[in-house]
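Notes for the one structure printed next.
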Amino acid sequence: MSQIDPTKPNLAETTGPTVSVVETEDAVARRAKEAYFTATQRQLIWARFKKNRTAMVAATILVALILMGLFAPFLSPYDPTVAGRDKDYLNGAPQIPKFCDHNGCSARPFIYGFKTERSPVNLRLVTTVDTEDRRYVQFFVTGDDYKLFGFIPGSLHLFGVDEGYIHLFGTDDTGKDIFSRTLHAIYTSLAVGTLGVLISFVLALIIGGVAGYFGGVTDGIIQMVTDAIRTIPIIPLFMAIAAFIPDTWSSEMRFFFISIIIGFINWPTLARRVRTHLLVERNQEYVLASQLCGAPAGHIIRRHLLPSFTSYIIVDLVISFPYIVLSETALSFIGLGLKDPVNSLGVMLQNTTSADVLLNYQWYFIPVFFFIALVLAFVFVGDGLRDAADPYAGQKK
Amino acid sequence: MLQFLQFATVRAAMALFTLLMVSLIVFTLMELVPGNCAERYLAFKNTQGSGISVADIEAEERRLGLDRPFLVRWGSWVGNVFLKGEFGDSCILRLNINDLLGDKFLISLGICLTALFLAYLIAIPVGIISASSNSALLNGSLRFVSYLGLAMPNFLLALIIMLVSTVVFGDSMTGLFSNEYRNADWSWARVGDFLSRAWLPVFILGWSATAFALQTVRALMLDEQAKLYVTAARARGLFGRRLLWRYPARHALGPIVNSLGFDLNRIFNELPIVALILTLTEAGALLLEALARSNDQQLAGAIIFLLTASIVAVNFITDIALALIDPRIRKSVMGGAA
């Protein structure tokens, strides 16, 4: 925290690395100061954010994960639904590409083939790795059809193998590729989060805006209702609402409904922030000036009050994002959220509590690490943004 | 004294209002389920072979009082809950909800409150130490643990503990009682058995609560330490633990006490999911059962209401406690700025 000091901007950044004209120290300092004073709010936040190393690392990871989610159909070798399953390799262990083995090395990575037999002991299907059978990894192969971003058709995948299938993270009990499912699940989480955040954002703006701008009795009533809603534990309430979803609904409808209810229950915290800020701001002179000009309340809130703290709202949205993702995961995990053809972490973890999975198929848990990374990245970026958006952050010790 | 009573009355009235609001929400949710109790009851009879008609349904509705308007039914539900503590019957199981819940709700509440208590038992001293120490290693690792507590939802922690204990010990450590005590009456042996298993859910539920509490305590202490009265105290020659406990810790206590209700709320959120993973047999599991499988909204509504009521109760108690320990709050209430 002590690194951020708005009074001493980084000179190298503002003057450039190679300064040909020799300036006096005074001139350099003046220029730096001028750049600082004329910087927009966004530039200031970015300059402070850049100095926070943890947040920058988290931001890099976050961008990587978001790209992975967005380009999931291209990056994943197979379709994540039953259509892309490998029926010969159920509950299969992860296959790690190698460059070398006892038969020598190859520039192209390869995986081993396998044989499936019934065990003579308990008649279970047992897969043995055949180290003589090499399958080479190919890049940019044509495979299952997909629609990128939901509308760009394609069938090109980043990698695949020349014969059979490759499963970096293994397969589940129906032979679906866990790697492909993980990538698609990231996309689902991001989509649910975005929708949920947007809905709660709009609600919070309207409710918090009205409460804060009008104040008095309106504010009192809205606060009482908001407080009552805030006391109900969210997940049980989610569960109660999600239980209404009829089984006949398609997975897309379920998806939208879940996002909507998650958005509907998450608004009170943000609404409170909006309200507190408006309560302070509405007594400023510029609001009075606007009122005297005859501007209606909606106009004042939208054009004058909200822009004064857009950056804080954005920060709040980033901070609330991981909690929305986690709510969805929890809900899907207990079977009241998303259902099978849609991939999400919760759906993928649904069957992992059985002793069979715990003892024999631990690769079911690989996606968990991606999600911890995703949530942590969001939390760190949100924290970094909050510190960066606070103009007084650098002055405290 | 009079002022304090006035304060307590106002708070009690507000708590009551919140409970009424919550009961309205819960009751509306219960009513929104397609098909009412009478239809379900008779549909069940129908599967048993006796044919039913519309007239039968109407007669049954009258018997159950379902033909009255919505607000009247809500009123009688609330009246029964508040005055007699009766939640009525579950129309799926056709059993009295109070019998069904039994001591299960108290067990859940006990587990959650213990988790909360332990969380603060750890968080307050550790948070204060970390706020006053300059060790980068201590602060960095605490920050990491806190963030992990936020990022790793409790159910993932539960899954990982199960994974490890299954692989290492060969026992998944699930359930609240061993087989021989599951349906036994309460006895010392049963209590011992319960305690030997209950520590796991307590630990899992307390995990993220501790992480949150640590963050809060640390941030509050850092805020308070920068204030002038601490500098003044230091100038008078106070230092070390005496200074910390005497001034900033006491100031930071208020907001911490205030946040207890919301922490309990957060723990309740995790309860049903942890219950599912650890196959506990308490209210969280019952709630899940009611919602996910049997669609029993009466039971679910009763549990949600009870959970919320305990949060409201905790909020009320902390408000009163805060007024007792902090004269500023008492004064501000007297001033009318409630």
| Number of the condition not met by A:Phe99 [criteria: (1) loosely packed, with under 12 Cβ neighbours inside 10 Å; (2) touching a Gly at 6+ places or on another chain (Cβ under 7 Å)] | (2)
| Taking helices (runs of 4 or more DSSP H) that fall entirely within the range B:226-316, which contain at least 3 residues that are modelled with pLDDT of 80 or more and out of contact with any strand residue (DSSP E or B) (no Cβ under 9 Å at 6 or more places or on another chain)? | B:228-235, B:248-277
| Number of positions in the range A:242-260 that are within 12 Å of another protein chain (Cβ to nearest Cβ) and in contact with a helix residue (DSSP H, G or I) (Cβ under 9 Å, 6 or more places away or on another chain) | 4
| message | Name the single residue that is farthest from B:Ser146 (Cα to Cα) among those in the range A:369-390 being more than 9 Å from chain B (Cβ to nearest Cβ) and of a type outside the set (A, V, I, L, M, F, W, C). | response | A:Asp390
| query | Which ones in the range A:347-356 are facing chain B (nearest Cβ under 9 Å), buried (at least 20 other Cβ atoms within 10 Å of the Cβ) and in a helix (DSSP H, G or I)? | reply | A:Leu349
| What do you reckon, is A:Ile61 surrounded by 12 or more Cβ atoms within 10 Å (Cβ to Cβ) and under 30 Å from A:Pro153 (Cα atoms)? | yes
| query | Just a yes or no: is a residue in the range A:185-200 over 19 Å from the mean Cα position of the chain (by Cα), crowded, with 20+ Cβ neighbours inside 10 Å and more than 11 Å from chain B (Cβ to nearest Cβ)? | reply | no
| said: Going through B:Ala300, B:Ala249, B:Ala290 one at a time, which residue ends up being among the small types (Gly, Ala, Ser), away from chain A (no Cβ under 14 Å), touching a residue at least 12 places away in the same chain (Cβ under 8 Å) and touching a helix residue (DSSP H, G or I) at 6+ places or on another chain (Cβ under 7 Å)? | reply: B:Ala249
| query | Is it true that some residue in the range B:188-203 is within 14 Å of another protein chain (Cβ to nearest Cβ), touching a helix residue (DSSP H, G or I) at 6+ places or on another chain (Cβ under 6 Å) and at pLDDT below 80? | reply | no
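The values are calculated or read from the model by the stated rules, or taken from the named source; none is laboratory data. This one's a predicted model, so the numbers in the text were calculated from it and none came from an experiment. All Cβ positions, even for glycine, are placed from backbone atoms using ideal geometry, and neighbour counts span all protein chains on display.
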